[in-house]
1. State all residues of region 98-147 that are among the aromatic types (Phe, Trp, Tyr), in contact with a Ser or Thr (Cβ under 8 Å, 6 or more places away or on another chain) and part of a helix (DSSP H, G or I); if no residue qualifies, say none.
2. Could you please let me know if residue 99 is over 20 Å from the mean Cα position of the chain (by Cα) and loosely packed, with under 13 Cβ neighbours inside 10 Å?
3. Given (1) modelled with pLDDT of 95 or more; (2) open to solvent by 20 Å² or more (accessible area, probe 1.4 Å); (3) over 30 Å from residue 147 (Cβ atoms), identify the lone condition not met by residue 243.
4. Residues being away from the ligand (no atom under 16 Å from the Cβ) and in a helix (DSSP H, G or I): count how many of those fall in region 174-209.
5. Filter region 133-160 down to residues that are within 13 Å of the ligand (Cβ to nearest atom) and among the small types (Gly, Ala, Ser) and give me whichever is nearest to residue 24 (Cα to Cα).
6. Would you point out which residue out of 128, 123, 149, 65 is modelled with pLDDT of 95 or more, in contact with a Cys (Cβ under 9 Å, 6 or more places away or on another chain) and hydrophobic (A, V, I, L, M, F, W, C)?
7. I need a count of the residues in region 156-197 that are touching a helix residue (DSSP H, G or I) at 6+ places or on another chain (Cβ under 7 Å) and free of Cβ contacts under 8 Å to residues at least 12 places away in the same chain.
8. Could you tell me whether residue 215 is within 11 Å of the ligand (Cβ to nearest atom), buried (at least 18 other Cβ atoms within 10 Å of the Cβ) and either modelled with pLDDT of 95 or more or not acidic (Asp, Glu) (or both)?
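The values are calculated or read from the model by the stated rules, or taken from the named source; none is laboratory data. Treat the numbers as computed from the prediction; the structure is a model and nothing was measured. Don't worry about glycine lacking a Cβ; one is built from the backbone with ideal geometry, like all the others, and counts go over all protein chains shown. Accessible surface areas use protein heavy atoms only, side chains included; no ligands, DNA or RNA. Shrake-Rupley method; radii C 1.70, N 1.55, O 1.52, S 1.80 Å.
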Amino acid sequence: MKALTVVRSVADLRRAVAEHRSAGRTIGLVPTMGALHEGHVSLVQGALDRGDVPVASIFVNPTQFGPNEDFGAYPRDEAGDFAKLEAAGCRIAYAPVVEEMYPGPQLTTITVAGLTDHLCGPFRPGHFQGVATVVCKLLMMAMPDRGYFGEKDYQQLQVLKRMARDLNMPIEIVGMPTVREPDGLAMSSRNRYLAPSERKTALALYRGLNAVADAVRDGRASCSPVAERAAQALLEAGFDTVEYLTVVDAESLAPLDRVRGPARVAAAARLGRTRLIDNIAV
Ligand code: AMP
């Protein structure tokens, strides 16, 4: 197992990356908020599979949390994260403190319009601006050849792909498939908030998405009544609220009435204090 180098400053990150670059290697950045699980590990593996030196960042970014969200409670396990990264073959972990990422007020922000009007956008005002800005900063700090992101956060992935394209970033944004628990629940750092009974209920989310995808796939059924029934079923299964359960165009994320091309069914729902999101291809 090759050793993991932990760096905490931009200068040390750039030095560590430069060493690999001067040896002719390409770099793959895996941005995370820590509390790592197999979903994150699959992104490191994605970088290795493409021949990149994997560099992971661990930073719980305050600017992407709303005032009533779980920033303070977000799970943190740095030692465990470093062990998982090293075992996965990651070579550099960048774990900065907030002051290193935001030494002063961040007057420059990135807004990706349109794509953030749908799905999580209206429920988390400012969230995608926080994400796009911090990912842009991380990309500028590490200057990787590729950035690896999970389809689990499908809207985030589309936003970041668009940001890289619109700003002519010489960086490929790679989307990786969602890693699931054996019963189908999408892995998430927030799953550790779930009580055992909620953990059972949570499975209804993936089931619901599959039911909707099956019903609308051939384009004959109108999407919204099918999605509304599935949302109702989530409430009956024990979810407290369903923020949205929608069939959207796979690229523009605009809601669809009928499926005619690549589409995605996506949902966000609350179970106790936990907000779960998931999506699948139609
Ligand atoms: P997070 O630490 O939750 O901000 O996630 C960091 C990265 O890991 C993001 O690109 C996520 O989309 C990705 N990710 C999170 N959960 C999964 C999963 N179950 N499968 C694949 N990728 C994931």
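1. Residues of region 98-147 among the aromatic types (Phe, Trp, Tyr): 102, 123, 128.
Still in the list and also in contact with a Ser or Thr (Cβ under 8 Å, 6 or more places away or on another chain): 102, 128.
Correct list: 128 only.
2. On the way: over 20 Å from the mean Cα position of the chain (by Cα): yes; loosely packed, with under 13 Cβ neighbours inside 10 Å: yes.
Considered against the rule, which asks whether it is over 20 Å from the mean Cα position of the chain (by Cα) and loosely packed, with under 13 Cβ neighbours inside 10 Å, residue 99 comes out as yes.
3. Of everything listed in (1) modelled with pLDDT of 95 or more; (2) open to solvent by 20 Å² or more (accessible area, probe 1.4 Å); (3) over 30 Å from residue 147 (Cβ atoms), residue 243 misses just condition (3).
4. 8
5. Applying the filter and picking the extreme gives 147.
6. On the way: 123 fails: in contact with a Cys (Cβ under 9 Å, 6 or more places away or on another chain); 149 fails: in contact with a Cys (Cβ under 9 Å, 6 or more places away or on another chain); 65 fails: in contact with a Cys (Cβ under 9 Å, 6 or more places away or on another chain).
After applying the criteria, what remains is 128.
7. Total meeting the criteria: 0.
8. Values: within 11 Å of the ligand (Cβ to nearest atom): no; buried (at least 18 other Cβ atoms within 10 Å of the Cβ): yes; either modelled with pLDDT of 95 or more or not acidic (Asp, Glu) (or both): yes.
No; evaluated as a whole, the condition is false for this residue.
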